[in-house]
Structure formats: C-alpha cells, structure tokens
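K.L.:
Quick one: this structure, given as structure tokens, is what I'll be asking you about.
None of the figures in this text is laboratory data; all of them are computed from the coordinates on show. Every value quoted in this text rests on a predicted model; they were computed, and no experiment measured them. Quick reminder, even Gly has a Cβ in these numbers, built from the backbone with ideal geometry, and neighbours come from all protein chains shown.
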Amino acid sequence: MSTLRLGDIAPDFTQDSTDGKISFHEWAGDSWVVLFSHPADFTPVCTTELGMVAALNVEFAKRRVKPIALSIDPLEKHGLWVKDINETQRTTVNFPILADEDKTVAKLYDMIHPNASTTSTVRSVFIIDPKKVIRTTFTYPASTGRNFDEILRVIDSLQLTDSHKVATPANWKDGDDVVTVPSLQDPAELAQRFPKGFQAVRPYLRMTPQPNK
Ligand code: BEZ
C-alpha cells in the first residue's frame with residue numbers, strides 16, 4: 001500500500017456492495033466518482049452523512065457524478081442500517097455502500113489510519129474523474145461530519161477549470177467571478193477566451209466573469 005496522490009490512477013478493485021458485486025472501473029464507466037469511507041454502520045454522524053448524500057442525488061447526477069460509500073462492516077449490517085438511514089433521514093439511499101469487510105479497498109486507498117483507529121476507516125474522500133484520475137482527496141476525523149456542499153463545489157471547480165483557462169478563487173461558488181490562469185499572457189487569446197473582459201488587479205491576478213455563464 002502506498003499513499004495515493006493527486007494525478008494517480010484510482011486503483012481498481014472488486015468488492016461486495018449493497019448493489020451487488022462491484023468492479024470499480026467498470027462500474028464508474030465514464031462518470032465522475034466520489035468514493036468516500038465512513039467509520040462504521042449504525043453510528044450517528046455516518047447516518048446523517050449517508051442521508052445527505054442520498055438527498056443530494058439530483059446535484060450529483062447534474063454533474064455526472066456517482067457517489068459510492070464504504071465501511072469495513074459486513075453486507076448484512078449495511079442492509080439493516082440502510083433501512084434506518086432511510087427512515088431517520090427521510091430519504092432513499094440510492095447509491096452503493098461497499099461492504100469492505102476484508103479491507104481490500106480500505107488498504108488500497110489507505111483509509112485506515114492506525115494512530116486514529118485500528119478498527120475503522122477514517123472519513124476519506126476521493127474525487128475521481130472519468131479517466132479514473134484522482135483529482136481531489138481529503139480526510140476528516142470520525143467525529144466531524146463532512147460538508148457535501150463543499151464536495152459539490154470542488155467538482156464544479158474541477159469541471160469548469162478542465163474546460164476553460166481559469167482557476168477558482170477562495171470561497172468561490174458556481175456563478176462567481178474566477179481568475180484567468182497566469183500562464184495565459186497573449187492579449188489576442190485573452191480577448192478571444194474572455195469576451196466579457198477581465199480586470200487586471202495585478203499582472204498575475206486577473207478577475208473575469210465565469211466564462212460558461
Ligand atoms: C459517527 O459516525 O457518529 C461516529 C463514528 C465514530 C466515532 C464517532 C462518531
């Protein structure tokens with residue numbers, strides 16, 4: 001097991017899930033993927049997290065993203081817990097939860113941090129693009145539920161900056177002004193790419209309206 005880094009290919013695996021056996025790359029197809037681990041079934045923070053991901057189903061689908069959760073609990077336990085999530089969070093879990101009891105995936109993706117816990121996965125997130133490249137990772141402790149709006153915001157940024165020569169500033173959200181990439185210096189290209197114009201606050205800091213809005 002080695003630490004996965006941005007730009008690495010997300011390792012492929014086959015594992016059981018609440019939607020049947022999943023061969024990861026095949027299952028992902030040409031979608032974006034958010035692979036996220038949680039510490040254990042029947043725990044309060046995890047219950048709210050999985051309910052939130054289910055509630056954001058339309059937002060993930062709009063961005064062509066498939067969520068997939070994981071814990072190292074067995075499949076039967078996942079099945080019972082999903083009923084609880086649906087009931088308590090008033091939603092329908094509509095994405096697979098990997099039953100990684102043998103820790104195949106947890107080991108591949110370094111989701112067990114032994115100095116935090118030897119018996120459960122931490123809250124890891126991997127945002128993976130359609131070419132299976134890992135584009136974002138982050139790790140939260142067991143006691144802190146994740147902000148899934150932030151995950152959607154990062155995906156918005158990745159999808160925008162993949163298709164336009166821009167980057168997104170601090171606290172940016174979809175629709176806000178963006179910055180032009182500093183390497184772009186040719187005035188003709190700048191004019192062609194940013195017909196709405198840009199404000200050069202400094203030569204390296206040029207603000208422009210989001211080009212696809
Ligand atoms: C939870 O999901 O609620 C949780 C899991 C492990 C430790 C603390 C909280």
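K.L.:
Of K21/K213; K66/K196; K66/K103, which pairs sit farther than 31 Å apart, going by alpha carbon to alpha carbon?
P.N.:
Beyond 31 Å between Cα atoms: K21/K213; K66/K196.
K.L.:
Normalise the Cα radius of gyration of the range 14-146 by 2.2 N^0.38 Å (N = residues in it) and let me know the number.
P.N.:
Working: Rg = 13.6 Å, N = 133, 2.2 N^0.38 = 14.1 Å.
Cα Rg divided by the expected 2.2 N^0.38 Å: 0.97.
K.L.:
Considering amide H positions built from the backbone, and no H for Pro or chain starts, which residues 5 or more places from V178, or on another chain, come under 5 Å of its amide H?
P.N.:
T208, Q210
K.L.:
If we sort 189-202, 106-119 on the protection proxy, mean other Cβ atoms within 10 Å, highest first, what's the order? Display every interim value, and only then the final one.
P.N.:
Working: 189-202: 12.1, 106-119: 15.0.
Final packing ranking: 106-119, 189-202.
K.L.:
I've got another one for you. What aspartates and glutamates sit close enough to K173 to cross-link, taking a C-alpha to C-alpha distance under 12 Å and skipping anything fewer than 8 places away on the same chain?
P.N.:
D149, E150, D156
K.L.:
Here's something else I'd like to know. Where does the range 73-117 land on Rg/Rh, using Cα atoms and the Kirkwood Rh?
P.N.:
Details: Rg = 13.0 Å, Rh = 12.1 Å.
Across the range 73-117, the Cα-based Rg/Rh ratio is 1.07.
K.L.:
Can you tell me the convex hull volume per residue for the range 164-208, based on C-alpha atoms, in Å³ to the nearest whole number? Don't skip to the end; give the middle numbers.
P.N.:
Numbers: hull volume 3.2 nm³, N = 45.
In the range 164-208, the Cα convex hull volume per residue is 72 Å³.
K.L.:
Right, another one. Report the normalised scattering of the range 1-62 as log10 I(q)/I(0) at q = 0.21, 0.30 Å⁻¹, calculated by the Debye formula with identical scatterers on the alpha carbons.
P.N.:
Result of the Debye calculation: -1.19, -1.24.
K.L.:
Moving to a separate point now. Quickly estimate the mean residue ellipticity at 222 nm for the chain, helices only: each DSSP H run with n ≥ 4 gives -39500 (n - 2.57), and the total goes over all residues, rounded to 500.
P.N.:
Details: 7 runs with 66 residues, N = 213.
Roughly -9000 deg cm²/dmol at 222 nm, from the helical runs in the chain.
K.L.:
I would also like to ask the following. Show me, for the range 96-105, the HN-Hα J-couplings you get by feeding each phi into the Karplus relation (A = 6.51, B = -1.76, C = 1.60, θ = phi - 60°), rounded to Hz, glycine and proline as x.
P.N.:
3J(HN,Hα) across the range 96-105, in whole Hz: x, 10, 5, 9, 9, 4, 8, 6, 3, 6.
K.L.:
Here is a further query. Calculate how many DSSP beta bridges within the range 1-101 are antiparallel, expressed in % of all such bridges and rounded to the nearest 5. Could the numbers behind the result be given before it?
P.N.:
Details: 3 of 12 bridges.
Of those bridges, close to 25 percent are antiparallel.
K.L.:
Could you identify which residue out of V33, V179, V105 has the top mean-square fluctuation in a GNM of the chain using Cα springs shorter than 10 Å?
P.N.:
Among V33, V179, V105, the largest mean-square fluctuation in the Gaussian network model of the chain belongs to V179.
K.L.:
Same structure again: More than 25 Å apart: what percent of Cα pairs in the range 98-213 qualify? Before the final figure, lay out each step's value.
P.N.:
Values: 2784 of 6670 pairs.
Tail of P(r) above 25 Å: 42 percent of Cα pairs.
K.L.:
Normalising by the residue count of the range 14-146, find the relative contact order in percent from Cα pairs under 8 Å and 6+ residues apart. Don't skip to the answer; put the middle values down first.
P.N.:
Working: 249 pairs, mean separation 43.4, N = 133.
Reported as a whole number, the value is 33 percent.
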